[in-house]
Amino acid sequence: MQAQKVSLWRHPNFLKLWIGQSVSLFGDQITLLAVPLVAVVTLHVPAAQLGFLGATETAPILVLGLMAGVWVDRLPRRLLLIGADLGRAVLLLLIPLAAWLGLLHMLILYIVAFGVGTLSVFFGVAYQAFLPTLLPREQLIEGNSKLEISRSGSQVAGPAIAGFLMQFVTPPFAILLDAGSFLWSALCVSLIRAQEPGPPPRREQRHLWAEMMIGLRFVFGNPILRAIAGCTGTANLFGSVITTILVLYLVRDLGATAGLLGIISASSNLGFLFGATLARRTATRFGLGRTLVGAPILASIGALLIPLARGPLMLAVPLLIGAQFLGSLGGTIYSINQLTLRQTITPERLQGRMSASMRFIVIGAMPIGALLGGMLGQTIGLWPTLVVGAAGRLLPVLWVWFSPIRHTADQWLAKESAQLPV
């Protein structure tokens with residue numbers, strides 16, 4: 001860890017991580033739009049299969065999430081990041097290759113989704129545990145904010161460019177750019193030179209299951225982490241109900257084209273950029289506890305606007321932009337601050353297992369929400385499913401409202417992690 005505080009723009013290791021992720025995140029926006037379009041437009045799948053596709057990519061967190069945390073705490077995190085990037089690049093190349101050979105089928109999409117999801121589990125856990133190695137704790141919120149600004153920028157510009165690109169290149173071949181972005185990320189991470197904490201001595205390494213349980217006990221035993229897990233997991237559950245069928249609703253019910261989908265996403269996702277910019281200022285001005293309560297309320301208001309987007313596109317589009325703007329604004333402010341709080345109050349030796357346990361809970365809710373959204377969309381209809389998802393998005397705030405976060409988050413942030421119970 002850096003002993004002397006320097007500007008992050010002059011921090012060589014952080015810059016390499018930031019540049020690699022900025023390009024990779026932009027590539028992800030192409031795949032996020034292209035894969036559902038391949039399923040809907042090219043393969044003409046029903047809502048239930050679309051839900052199963054979304055669940056396939058996020059399901060590995062339920063199977064491998066806790067195990068990933070143990071290995072992240074045992075193995076060099078930089079090498080895990082590089083391996084995950086290279087593996088995802090290879091898997092994504094299967095889609096355009098299958099399309100070129102005339103073999104594109106839903107089975108190919110399922111295989112790629114599961115493989116990419118599996119590698120993303122290891123990447124996500126290692127990534128969140130790696131950042132505290134690069135930066136001192138007092139710069140974590142700034143580092144998380146800068147990385148989130150890159151994510152937000154990709155979500156603003158990426159969908160519009162992706163939608164425009166897919167007017168000229170079919171969705172399967174547009175995915176080539178995302179594969180290239182993973183290769184670029186692997187190169188940037190390989191250039192990072194940072195001293196990572198060594199693995200625990202073999203005599204301190206317990207059985208895999210026992211070490212997995214240490215992470216879960218730490219999360220559930222800490223009232224701050226427990227509330228964050230409940231809030232984020234509930235938001236992801238009902239958020240996935242909405243996102244699973246939203247593209248299908250816009251294309252089939254409202255008649256949106258790929259280009260219009262890109263414009264809607266780019267315009268509405270300006271909230272991510274504003275949220276990443278305001279995250280640090282909001283916590284400083286209002287306090288971390290109040291921020292972690294107020295931001296989910298703002299995101300819930302945005303979700304409630306989504307079912308109101310009915311009728312002519314001219315009326316629906318402004319509502320969708322407003323809904324996504326408020327949702328992404330509140331969600332990003334919450335996400336950056338809760339992540340920084342988690343990283344700060346967790347001992348270094350538990351960073352991987354804490355991150356994996358949190359991701360197991362909060363991302364593990366997504367395949368359940370995806371399956372639920374797909375089944376509801378096919379049984380009760382697309383618009384009623386959006387109503388169910390929007391109503392459910394009111395629940396996450398209850399976790400933080402009835403927790404110590406409102407009154408004690410700032411004090412917990414000031415504590416030394418060595419004082420926290422394991």
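Read the figures in this text as sums done on the coordinates, not as results from a lab. As the structure is a computational prediction, the values presented were derived from the model and not from experiment. Neighbour counts run over all protein chains shown; Cβ positions are idealised from the backbone, glycine included.
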On a 0 to 90 degree scale, rounded to 10, what angle separates helix 313-345 from the longest Cα axis of the chain? 20 degrees
Which is the longest stretch in the chain that no exposed loop site breaks, taking sites as chymotrypsin sites (Phe, Trp or Tyr not before Pro) with a DSSP loop state and at most 13 other Cβ atoms within 10 Å? 169-401
Any idea how far apart residue 297 and residue 63 come out in nm if each label point goes 7 Å out from Cα toward Cβ? 4.2 nm
Residue order, fewest to most beta carbons within 10 Å, for 314, 67, 358: 314, 67, 358
Relative contact order of the chain (C-alpha contacts under 8 Å, at least 6 apart) in percent is 28 percent
If we count other beta carbons within 10 Å of each Cβ, what is the order of 175, 149, fewest first? 149, 175
Mean Cα-pair separation over length for region 1-110, i.e. relative contact order, pairs under 8 Å, 6 or more apart, %: 25 percent
Helix 12-37 vs. the chain, principal-axis angle (Cα, 0 to 90°, nearest 10): 30 degrees
Need the full-extension length gain, residue 19 to residue 106, defined as separation in residues times 0.36 nm minus the C-alpha distance. One decimal, nm. 28.0 nm
At 0.36 nm per residue, minus the direct Cα-Cα distance, what do residue 349 and residue 285 gain on full extension? Give it in nm, one decimal, please. 19.9 nm
Computed over the Cα atoms of region 264-358, the Rg and Dmax in Å are 15.9, 55
Roughly what angle does helix 77-101 make with the longest principal axis of the chain, taking Cα atoms, 0 to 90 degrees, to the nearest 10? 10 degrees
Which of 95, 361, 111 has the fewest Cβ neighbours within 10 Å, and the rest in rising order: 111, 361, 95
